[in-house]
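The values are calculated or read from the model by the stated rules, or taken from the named source; none is laboratory data. Just so it is clear, the model here is predicted, and its values are computed rather than measured. Note: ideal-geometry Cβ built from the backbone for every residue, glycine included; neighbour counts use all protein chains shown. Keep in mind that these areas ignore ligands, DNA and RNA; they rest on the heavy atoms of the full protein, side chains included. Shrake-Rupley method; radii C 1.70, N 1.55, O 1.52, S 1.80 Å.
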Amino acid sequence: MKDIQNAIEIRDLTKKYDGFTLDNISFDVPRGSIMGFIGQNGAGKTTTIRLMLNLIKKDSGSIKMLGLDNTENEREIKSMISAVFDELPFHEALNADQLSVIMSGLYKSWDKMTYLSYLERFALPRKKRFGEFSKGMKMKVQIAAALSHGAKLLIMDEATTGLDPVVRNEILDIFLEYLQDESNSIFLSSHITTDLEKIADSVTFIDKGRILLSGNKDEIVENHGMIKCTNSQYKEIAPEDVISARLTDFGAEVMVSGKEKIEKKYSGLTIDNTTLEEIMLFYVRRKTKEWL
């Protein structure tokens, strides 16, 4: 594989459905990093991933993965990537040993010993049918398979949704181990922002088919802040400085960006640190502007 700067490059990607449009989105996933792709259910996360995997056809725009066009070089790309979904894509009558036989026929680089070591690490039975697996076990067997053919890019669609915290942490640790090889990259779609705060290098925030924010995770979080003030103090803040505000009888919580500039402009107010979850929540309400 040639030396590339970005594992994924998406430019002006558009897909129109009746009632929903993925609207001209663009972002990059730097090679050797984890990008969190965040947004509410229905925001366009799964549509974007299905377009990346060429499971549905784009209306316009371009997608490059590992330096290659995702439609012209689909076969080559799919030999070098792995995708993990919220639901198990393997037939529930199969067991882990049978899956290994199938995967060895699909991937020249299939490594049975690596796969078996993950099964052992995850304490997954080799002969039990997938239909009898718990949700956590189904996710683990997907990840075991995904990491056993030398994939250079992992694409995860809500891979930690519905899992208990212990299993989620175990899987996040596996992802960080995978990233020890600096040529590997992860694109992790999720609405569980606490997971992404632990491991993501960058985040892209999509809402109603449009990208609202994309960039270094720490910089995005540090650039935003929460003002907690009285309702009368809130009225002194210029509307253009407010992303949105939660108002109650007791006061206001106001999300702002450009934290340093805002601190100088409103020196009498305290601006607290914020989180990805709060940023997402307040951006989603940005058109309402004021909410309860």
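For the condition touching a Leu at 6+ places or on another chain (Cβ under 9 Å), among the aliphatic types (A, V, I, L, M), farther than 28 Å from Tyr118 by Cβ and outside any helix (DSSP H, G or I), Ile56 does not qualify. Of the residues making up the range 268-283, those that are under 26 Å from the mean Cα position of the chain (by Cα), among the hydroxyl-bearing types (Ser, Thr, Tyr) and part of a loop (DSSP other than H, G, I, E, B) are Thr274, Thr275. Restricting Ser185, Ser202, Ser189 to those that are farther than 17 Å from Lys140 by Cβ and surrounded by fewer than 23 Cβ atoms within 10 Å (Cβ to Cβ) reduces the list to Ser202.
Quick test for you: out of Val166, Val141, pick the one residue that is surrounded by fewer than 14 Cβ atoms within 10 Å (Cβ to Cβ) and within 28 Å of Ala43 (Cα to Cα). Val166 is the lone residue from the list that is surrounded by fewer than 14 Cβ atoms within 10 Å (Cβ to Cβ) and within 28 Å of Ala43 (Cα to Cα).
Working carefully through the options Lys228, Lys208, Lys235, find the one that is free of Cβ contacts under 8 Å to residues at least 40 places away in the same chain and surrounded by fewer than 19 Cβ atoms within 10 Å (Cβ to Cβ). Before the answer, list the steps.
Numbers: Lys228 fails: free of Cβ contacts under 8 Å to residues at least 40 places away in the same chain; Lys208 fails: free of Cβ contacts under 8 Å to residues at least 40 places away in the same chain.
None of the others qualify; the one that does is Lys235.
Please work out if Leu88 is assigned to a loop (DSSP other than H, G, I, E, B) and open to solvent by less than 40 Å² (accessible area, probe 1.4 Å). For Leu88, the condition - assigned to a loop (DSSP other than H, G, I, E, B) and open to solvent by less than 40 Å² (accessible area, probe 1.4 Å) - is met. Confirm whether Phe122 is modelled with pLDDT of 95 or more, under 20 Å from Met156 (Cα atoms), aromatic (Phe, Trp, Tyr) and surrounded by 17 or more Cβ atoms within 10 Å (Cβ to Cβ). In short, no.
The single condition among (1) charged (D, E, K, R); (2) touching a helix residue (DSSP H, G or I) at 6+ places or on another chain (Cβ under 6 Å); (3) in a helix (DSSP H, G or I) that Glu177 does not meet is (2).
Quick grid of which residues meet (1) crowded, with 18+ Cβ neighbours inside 10 Å; (2) not small (Gly, Ala, Ser):
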| site | (1), (2) |
| --- | --- |
| Gly44 | yes, no |
| Leu55 | no, yes |
| Gly61 | no, no |
| Met65 | yes, yes |
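Every condition in (1) under 30 Å from Gly19 (Cβ atoms); (2) touching a Gly at 6+ places or on another chain (Cβ under 8 Å); (3) without any contact (Cβ under 8 Å) to a residue 60 or more places away in the chain; (4) not small (Gly, Ala, Ser) holds for Met280 except the one numbered (3). Looking across the range 1-12 at every residue that is at negative phi and either of a type in the set (D, E, K, R) or modelled with pLDDT of 95 or more (or both), the one that is most open to solvent (accessible area, probe 1.4 Å) is identified as Asp3.
For the range 128-168, which residues satisfy the criterion of being in a loop (DSSP other than H, G, I, E, B), closer than 28 Å to Phe37 by Cα and among the charged types (D, E, K, R)?
Across the range 128-168, the qualifying residues are Lys152, Glu158, Asp164.
Among the conditions (1) in contact with a strand residue (DSSP E or B) (Cβ under 9 Å, 6 or more places away or on another chain); (2) without any contact (Cβ under 8 Å) to a residue 40 or more places away in the chain; (3) at negative phi, Leu68 misses just one, which is (1).
Scanning the range 254-267 for residues that are touching a residue at least 24 places away in the same chain (Cβ under 8 Å) and assigned to a loop (DSSP other than H, G, I, E, B) gives Gly258, Tyr266. For Lys15, the conditions (1) open to solvent by less than 10 Å² (accessible area, probe 1.4 Å); (2) on the phi < 0 side of the Ramachandran plot; (3) in contact with a helix residue (DSSP H, G or I) (Cβ under 7 Å, 6 or more places away or on another chain); (4) not acidic (Asp, Glu) are fulfilled apart from (1). The residues of the range 110-128 that are among the polar types (S, T, N, Q) and in contact with a Leu (Cβ under 9 Å, 6 or more places away or on another chain) amount to a single one, Thr114. Filtering the range 97-127 to residues that are in a helix (DSSP H, G or I) and among the polar types (S, T, N, Q) leaves Gln98, Ser100, Ser104, Thr114, Ser117.
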